[in-house]
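Read through the structure below, which is laid out as structure tokens, and then see the notes.
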Amino acid sequence: MGLGYSVAGFGVIYDACLFYPAPPRDLMIRLAQTRRFRARWTHVLAAAIRGGAQTIVTTSRKDFPRESLADFDMTPRHPDNFILDLADLDLAIVTTAAKCQRAALKNPPFSAEIFVDTLRRQGLPGVAGFLQSQIGLI
């Protein structure tokens, strides 16, 4: 199962493996909830083909080899790279989603530094580095 959405005409499907552990999942969901995304749950590859997605965001690259997706003009993308691509397109989308996610963490609350370190430890080192450089915004 996955989560699909479009970004200004750019279709993307989230693979269900993204949804554990919780911090990366929460950031991906918050990004999908920004003004640019429409989200839905569905079968990943079938939805990607039917919806004309260009990207499947997944941590399980073995389930979506590039050569298998090439026939459908799709590429697999790790969430770390995908979020960094979003930051290149619109820095505020990513920093605002991260700020909202961190603000929702109340028991216990996370400092910006702890939040960034948590994302780093849970498989988003590039995003963590980016957010560290934007620490005042999150």
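The values are calculated or read from the model by the stated rules, or taken from the named source; none is laboratory data. This one's a predicted model, so the numbers in the text were calculated from it and none came from an experiment. Cβ: placed from backbone, ideal geometry, glycine included. Neighbour counts: every protein chain shown.
Being within 16 Å of residue 32 (Cβ to Cβ) and assigned to a helix (DSSP H, G or I) is the filter here, so list the residues in the stretch 65-79 that pass it. Once the filter is applied, which keeps residues that are within 16 Å of residue 32 (Cβ to Cβ) and assigned to a helix (DSSP H, G or I), the stretch 65-79 yields only 79.
Quick one: is residue 102 under 14 Å from the mean Cα position of the chain (by Cα), modelled with pLDDT of 75 or more and under 27 Å from residue 138 (Cβ atoms)? Even if it seems obvious, please write down each step before you answer.
Details: under 14 Å from the mean Cα position of the chain (by Cα): no; modelled with pLDDT of 75 or more: yes; under 27 Å from residue 138 (Cβ atoms): yes.
No: the conditions fail for residue 102.
Quick one: in the stretch 126-138, which of the residues that are in a helix (DSSP H, G or I) and of a type in the set (A, V, I, L, M) is surrounded by the most Cβ atoms within 10 Å (Cβ to Cβ)? Per the criteria, the residue is 131.
State yes or no: is residue 62 out of contact with any helix residue (DSSP H, G or I) (no Cβ under 6 Å at 6 or more places or on another chain), closer than 21 Å to residue 23 by Cα, basic (Lys, Arg) and not in a strand (DSSP E or B)? So residue 62 does not fit the description; no.
Selection of first residues in the stretch 100-112 that are within 15 Å of residue 34 (Cβ to Cβ) and of second residues that are of a type in the set (A, V, I, L, M, F, W, C) and at pLDDT below 95, restricted to Cβ pairs under 7 Å at least 6 apart or on distinct chains, gives the following pairs, ordered by first then second residue: 101/27.
Report yes if residue 60 is surrounded by 14 or more Cβ atoms within 10 Å (Cβ to Cβ), more than 27 Å from residue 136 (Cβ to Cβ) and not basic (Lys, Arg), otherwise no. Steps first, answer last, please.
Numbers: surrounded by 14 or more Cβ atoms within 10 Å (Cβ to Cβ): yes; more than 27 Å from residue 136 (Cβ to Cβ): yes; not basic (Lys, Arg): yes.
In short, yes.
Under the condition of being crowded, with 19+ Cβ neighbours inside 10 Å and basic (Lys, Arg), the residues counted in the stretch 78-125 number 1.
Here are 116, 94, 57: which of them is β-branched (Val, Ile, Thr) and either touching a His at 6+ places or on another chain (Cβ under 6 Å) or farther than 19 Å from residue 32 by Cβ (or both)? Lay out the reasoning, then the answer.
Values: 94 fails: either touching a His at 6+ places or on another chain (Cβ under 6 Å) or farther than 19 Å from residue 32 by Cβ (or both); 57 fails: either touching a His at 6+ places or on another chain (Cβ under 6 Å) or farther than 19 Å from residue 32 by Cβ (or both).
Step by step, each of 116, 94, 57 is checked, and only 116 is β-branched (Val, Ile, Thr) and either touching a His at 6+ places or on another chain (Cβ under 6 Å) or farther than 19 Å from residue 32 by Cβ (or both).
Look at the stretch 25-42: where a residue is surrounded by fewer than 19 Cβ atoms within 10 Å (Cβ to Cβ) and modelled with pLDDT of 60 or more and a partner is among the hydroxyl-bearing types (Ser, Thr, Tyr) and not in a helix (DSSP H, G or I), sitting 6+ places away or on another chain with Cβ atoms under 9 Å, you get 29/14; 36/5; 36/6.
For the stretch 66-95, name all the residues that are over 15 Å from residue 24 (Cα atoms) and among the hydroxyl-bearing types (Ser, Thr, Tyr). Within the stretch 66-95, 68, 75 meet the criteria. Annotation: of all residues in the stretch 63-77 being surrounded by 13 or more Cβ atoms within 10 Å (Cβ to Cβ) and among the charged types (D, E, K, R), the one that is modelled with the highest pLDDT is 77.
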